[in-house]
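Novice: Provided herewith is a single structure, encoded as structure tokens, for subsequent inquiry.
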């Protein structure tokens, strides 16, 4: 059901006012007079984090809370999520560094560029792993 902005603000004012003479700002807990500017406020859980509870707050209190608390918290959550899913991190910039850690090439101390080896390739070349053991491990077992 559609609710106009005016009706929604009237409903919020009535709910926040309750039986008191004036509703209280849910951020600074001072009264909001009819001549004061006020906004709908999502406190204690911001709307960007799924908060459903609403109240009213002075416009300045709500804006200050958004700038000092909500936006920095949202930016940090976005950074953490990006690193968690692998969308951000070392070597994931717009231009990957040549021979960087996510490159298939690497630079030797002498300055030559060579192909980066996998751990298995390194262990095989060092003689730590037996190639026959790897082939046996990769072959599926057939039961009679």
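Novice: Test residue 106 against the criterion of being exposed (fewer than 12 other Cβ atoms within 10 Å of the Cβ) and not assigned by TED's automatic domain parsing to the domain that holds residue 42, and give yes or no.
Specialist: When the stated conditions are applied, residue 106 does not pass them.
Novice: Identify the single condition in (1) assigned by TED's automatic domain parsing to the domain that holds residue 29; (2) touching a residue at least 12 places away in the same chain (Cβ under 8 Å) that residue 79 does not satisfy, given that it satisfies every other one.
Specialist: (2)
Every residue, every condition in (1) touching a residue at least 12 places away in the same chain (Cβ under 8 Å); (2) in a loop (DSSP other than H, G, I, E, B); (3) loosely packed, with under 13 Cβ neighbours inside 10 Å, yes or no:
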position	(1), (2), (3)
65	yes, no, no
87	no, yes, yes
101	no, yes, yes
135	no, no, yes
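Novice: How many residues does segment 48-63 hold that are surrounded by fewer than 15 Cβ atoms within 10 Å (Cβ to Cβ) and either part of a loop (DSSP other than H, G, I, E, B) or touching a helix residue (DSSP H, G or I) at 6+ places or on another chain (Cβ under 9 Å) (or both)?
Specialist: The number of residues fulfilling the criteria is 6.
Novice: Of 117, 123, which residue is at pLDDT 85 or above, within 35 Å of the chain's Cα centre (by Cα) and not assigned by TED's automatic domain parsing to the domain that holds residue 43?
Specialist: Within the list 117, 123, the selection yields 117.
Novice: Is it the case, given these coordinates, that residue 74 is touching a helix residue (DSSP H, G or I) at 6+ places or on another chain (Cβ under 6 Å) and either in contact (Cβ under 8 Å) with a residue 12 or more places away in the chain or not in a loop (DSSP other than H, G, I, E, B) (or both)?
Specialist: Considered against the rule, which asks whether it is touching a helix residue (DSSP H, G or I) at 6+ places or on another chain (Cβ under 6 Å) and either in contact (Cβ under 8 Å) with a residue 12 or more places away in the chain or not in a loop (DSSP other than H, G, I, E, B) (or both), residue 74 comes out as yes.
Novice: Also: Looking only at segment 18-35, count every residue that is surrounded by 15 or more Cβ atoms within 10 Å (Cβ to Cβ) and more than 31 Å from the chain's Cα centre (by Cα) and tell me the total.
Specialist: Final tally of qualifying residues: 3.
The values are calculated or read from the model by the stated rules, or taken from the named source; none is laboratory data. Please read all numbers here as calculations on a predicted model, not as lab measurements. In this analysis, Cβ positions are derived from the backbone assuming ideal geometry, glycine residues included, and neighbour counts consider all displayed protein chains.
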